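Q: Below is the structure I would like to discuss, written out as structure tokens.
The values are calculated or read from the model by the stated rules, or taken from the named source; none is laboratory data. As the structure is a prediction and not an experimental result, all values here were calculated from the model. Here the Cβ is made from the backbone with ideal geometry for all residues, glycine too, and neighbour counts use every protein chain on show.
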Amino acid sequence: MAATMKKAAAEDVNVTFEDQQKINKFARNTSRITELKEEIEVKKKNLQEEIDALESRVESIQRVLADLKVQLYAKFGSNINLEADES
């Protein structure tokens, strides 16, 4: 019975032009939020891929430096300083 009363009450509601404009604006903004969230996710993925590529390059260079450090310290011992300045 309560559902029937709510349905009857809903059918009796008069929707003005201004009300319809607000409903349309709400729908447009809801769609826009969905689009923006999707765009954010895409950019997060692209940025993460770029970060991963840069980190891979850093790791590769660090391996080269470690190998060179071993070779140079083996030859020059304490006569060479290859430690990075952490400033």
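Q: Tell me whether the stretch 70-83 contains one or more residues that are loosely packed, with under 10 Cβ neighbours inside 10 Å, modelled with pLDDT under 95 and not in a helix (DSSP H, G or I).
A: Yes, the stretch 70-83 contains at least one residue that is loosely packed, with under 10 Cβ neighbours inside 10 Å, modelled with pLDDT under 95 and not in a helix (DSSP H, G or I).
Q: Could you check, for the stretch 10-19, whether at least one of its residues is part of a helix (DSSP H, G or I), at pLDDT 95 or above and polar (S, T, N, Q)?
A: no
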